[in-house]
Structure formats: structure tokens, C-alpha cells
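Report on the structure given below.
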Amino acid sequence: MMDINTLTLIWIIIGILLFPVLIKNKVPYGRHTSQKWGITISNKIGWILMELPALLVCPIYYIFYNSNLYTINTLFILLWVLHYFNRTIIYPLRIKTKGKRMPLIIAALALFFNVINGLINGYYLSNTNYLEINYYVLLFGFIIFFTGLIINIRSDNKLISLRLKNEENKYVIPNGELFNYISCPNFFGELVEWLGFAIITVNLGSLSFFIWTFINLVPRAISHHKWYKDNFKDYPKNRKAIIPKLL
């Protein structure tokens, strides 16, 4: 039977192989929703259902399979919960998506990913012993994580405020802060967050999550960027998709 490290490496390889497919094909939800993907459900309900395993699986695994909760590992779990409580509960309750729907298959696939990812990270955070801690690296990782979290939340706030001001519920060009440089600073913030988490936790599970975050978010950002350019003739030409000055 293969060990967890081998299985995690296979999981990473699956993501890498999937990356060009996601680059070529738009994931059909949000502004890219398509009826061709079968049964659809409420966008808000779908979001909560598909993110809920991310909030629950990793910390539940950690609590049940970790004999000592008074370790720095618990602090890492709290960072996980902090992010996913916002993404699973707070964010979907704030967004204005009345009448919007997503394909059920997309919610199901995201739910499957979050279960697997939660189990992998729950295992590594339960079984990694941080006996020798480099506090400079730890501090650096925390700075990166919280920088990404702040970028993510502030960018979401900007998008939510635009929707609240727009009574016709139409898309408009966001401006200000990182929106002046990239189309999807909310995605960029998540990338930075999980990079910081990987630096802090130093294990194969968190590295796999960062790689999968890149694989998921970069194609979506490229699709969003192209959509903005196709639908707004005055869209700023100097903006990139997700990484300022680069991509």
C-alpha cells in the first residue's frame, strides 16, 4: 500500500496534468456559467456546500487524530479555519448574487477537491513535529500569509461594494489598489496566503495545496481577464491577470 507522501505526490501530478486543460477551457460558473453543464443550483448555496468540507475536514481530522492540541500545529489549524470561515460562511452571505446559478457538477467537483485537500493537510498537520523552529522563517511566513489574507478580503470588499452600488446587477470595471495592476487581486491574495502557509508549515501537504491553488486560480484569472477585455473596450491595457507586471 502506498504511503501518504507517494499519494500526495500523485495528487500534485494530477493537478499539473490538469493545468493545461483548465487553461484551455473556462470553468463554467460565475460570469462564465453555461447551461451546457447540466443541472444548476443557486450560486450562493453551491458556494457554501462546496467550501464547507474545506472548513470542516482538515480541523476535524486534526482534532481526532492529534493527541496533543497544545502545540504550534494548532496555531496553523487556526489559520486554516480563519481563512475558510471567511470563505465558507461570511463571504457567500455578503455577496449579491440573486438569481445567479452554477452547474451542480462544478460544486460537486469542488466539494471532492476540498475533501481530499482537507484530509491531506489534516494528516500532515497532525503528524509533522516542529521540534526545531526557525522563528525568522515563521515570522516571514506569517507576514506573507496575513498580507495575502488582507489583499483577498479587501479585494472581495471592493467587488462586493461595486455590486451593492449597482442596482442593475451588471458588471463594471473595478479600480483602485491592486485592481489598478491586475484583474483578479482577490485570487492573487489567495495565492499569497497559501504560499505563506506553505512557508510556515513546511510540509508536503501544504506545498501540494499551494500548487493546486495556483492550478485552480491562474486559469480562472486568465479567463476573467480576457472576459473584461472582451466586454469593456476601455479596459486598461496595462493590467495583467493575476500577478502584477508578469501574468
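Looking at (1) modelled with pLDDT under 90; (2) in contact with a Phe, Trp or Tyr (Cβ under 8 Å, 6 or more places away or on another chain); (3) of a type in the set (A, V, I, L, M), which is the one condition that is false for Val172?
(2)
Out of the residues in segment 227-247 that are without any contact (Cβ under 8 Å) to a residue 12 or more places away in the chain and in a helix (DSSP H, G or I), which is surrounded by the most Cβ atoms within 10 Å (Cβ to Cβ)?
Lys229
Could you list, in sequence order, the residues of segment 102-136 that are more than 23 Å from the chain's Cα centre (by Cα) and either modelled with pLDDT of 90 or more or farther than 13 Å from Ser206 by Cβ (or both)?
Once the filter is applied, which keeps residues that are more than 23 Å from the chain's Cα centre (by Cα) and either modelled with pLDDT of 90 or more or farther than 13 Å from Ser206 by Cβ (or both), segment 102-136 yields Asn127, Asn129, Leu131, Glu132, Ile133, Asn134, Tyr135, Tyr136.
Can you tell me which of Ile95, Ile90, Ile120, Ile105 is over 30 Å from Lys170 (Cα atoms) and assigned by TED's automatic domain parsing to the domain that holds Leu52?
It is Ile120.
Specify which of the listed residues (Trp47, Trp80) is modelled with pLDDT of 90 or more and surrounded by 20 or more Cβ atoms within 10 Å (Cβ to Cβ).
Just a single option satisfies the conditions, and that option is Trp80.
For the condition in a loop (DSSP other than H, G, I, E, B) and either modelled with pLDDT of 90 or more or surrounded by 15 or more Cβ atoms within 10 Å (Cβ to Cβ) (or both), what is the one hit in Thr147, Thr97?
It is Thr97.
The values are calculated or read from the model by the stated rules, or taken from the named source; none is laboratory data. As the structure is a prediction and not an experimental result, all values here were calculated from the model. Because the Cβ atoms are built from the backbone with ideal geometry, glycine has one as well, and the counts that use them run over all protein chains shown.
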